[in-house]
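Any read-out appearing in this document is the output of simple, stated calculations on the displayed coordinates, not a laboratory observation. What you see is a predicted model; the values in this text were computed from it and never measured. As a convention, Cβ positions derive from the backbone with ideal geometry for all residues, glycine included, and neighbour counts pool all protein chains shown.
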Amino acid sequence: MNALVINCSPVRTGATAEIVKIVTEKLSTKYHTKCICIDDYTFSFCKGCRACHDTAECIQRDDIPLIMGEFDRADLIVCVSPSYWADVPGQFKAFIDRCTPWCNTHEPHAAVDGGKRGYAIALRTGPGMKECERIIQSLEHFYGHLEIACCGSLGLCSVEYKEDVAPRRDEIMAFCDKM
Ligand SMILES: Cc1cc2nc3c(=O)[nH]c(=O)nc-3n(C[C@H](O)[C@H](O)[C@H](O)COP(=O)(O)O)c2cc1C
């Protein structure tokens, strides 16, 4: 079984990356696990042209198929997203928009293989869980339209820098135990 862990932040050495590292280490004991960062890829914004509603394909040629190839190979997907202005980072939102060819609200649409499980981890610097829940909702909305089953979520408040992650290690590991 394959697991894919996604750093939804453009920061490769921050708190999100640190959580991705812990999740990857833990899942590697059970799954063949790969981690990627949204910033590893180059892609343009969705133009909103809706050509994909008729063709199930985007008119733009860039790295989106590479990311979707990683989705295709994974049985389990874990998105780890920080709060940027109370939402997923712009880079990850741009990726979600570009997944419109795979969105199940129109026919024809492209599709990832069925039977995948999705997990969401949100982190933020502020103290309130509501903002983490909002990010988890965005990630679960995304999974839903790709027909990836939402199987669990974790919100981590009061996290700004990677040093803030070590005290939360047990919490993260316990969450991974359920995957
Ligand atoms: C552009 C930007 C916007 C942010 N907005 C929020 C916010 O609205 N609420 C919050 O609690 N934290 C906010 N943060 C803090 C991040 O969620 C927090 O530092 C997180 O650990 C960043 O992880 P990263 O460095 O791996 O991207 C913001 C950080 C950045 C860089």
* To do: Give me the compactness ratio for region 43-126, meaning the Cα radius of gyration over 2.2 N^0.38 Å.
  => 1.17
* **Convex hull (Cα only) mean projected area of the chain, reported in nm² to one decimal** => 9.4 nm²
* Asked: Can you list the chymotrypsin sites (Phe, Trp or Tyr not before Pro) in region 1-91 that are in a DSSP coil and have 14 or fewer other beta carbons within 10 angstrom?
  -> 45, 85
* In whole angstrom, note down how far apart the Cα centers of region 1-52 and region 102-179 are. => 11 Å
* Structure fact -> Restricting to lysines and to Cα separations under 19 Å from residue 30, and discarding same-chain partners fewer than 8 apart, the set is 21, 116, 178
* To do: Only residues of region 84-100 count here: report those whose backbone N is under 18 Å from the spot 7 Å along Cα→Cβ of residue 45, or say none.
  => 84-85, 87-100
* Asked: Label-point separation (nm) for residue 87 and residue 163, each offset 7 Å from Cα along Cα-to-Cβ?
  -> 3.2 nm
* So what does the Cα-only Debye profile of region 95-179 read at q = 0.12, 0.17, 0.24 Å⁻¹, as log10 I(q)/I(0), no solvent term? -> -0.44, -0.78, -1.14
* Any idea what the dipole of region 2-177 comes to, in debye rounded to 20, about its Cα centre with Lys/Arg Cβ at +1 and Asp/Glu Cβ at -1? -> 120 debye
* Within the chain, what's the longest stretch lacking trypsin sites (Lys or Arg not before Pro) that sit in DSSP loops with no more than 13 other Cβ atoms inside 10 Å? -> 62-177
* **Relative contact order for the chain, counting Cα pairs under 8 Å that sit 6 or more residues apart, in percent** => 26 percent
* Work out, step by step, the length gained on full extension between residue 2 and residue 72: first 0.36 nm times the residue separation, then minus their alpha carbon distance; give nm to one decimal. => 24.2 nm
* To do: Starting from the Cα of residue 30, move 7 Å in the Cα-to-Cβ direction to define the label point; list residues of region 140-179 whose amide nitrogen is under 16 Å from there.
  => 149-154, 170-179
* Cleavage-rule hits, GluC sites (Glu not before Pro), region 1-72, DSSP coil, Cβ neighbours within 10 Å at most 15 -> 57
* Relative to the longest principal Cα axis of the chain, at what angle does helix 129-145 sit, 0 to 90 degrees, rounded to 10? -> 30 degrees
* Roughly how tilted is helix 64-73, in degrees to the nearest 10 and between 0 and 90, from the longest Cα axis of the chain? -> 70 degrees
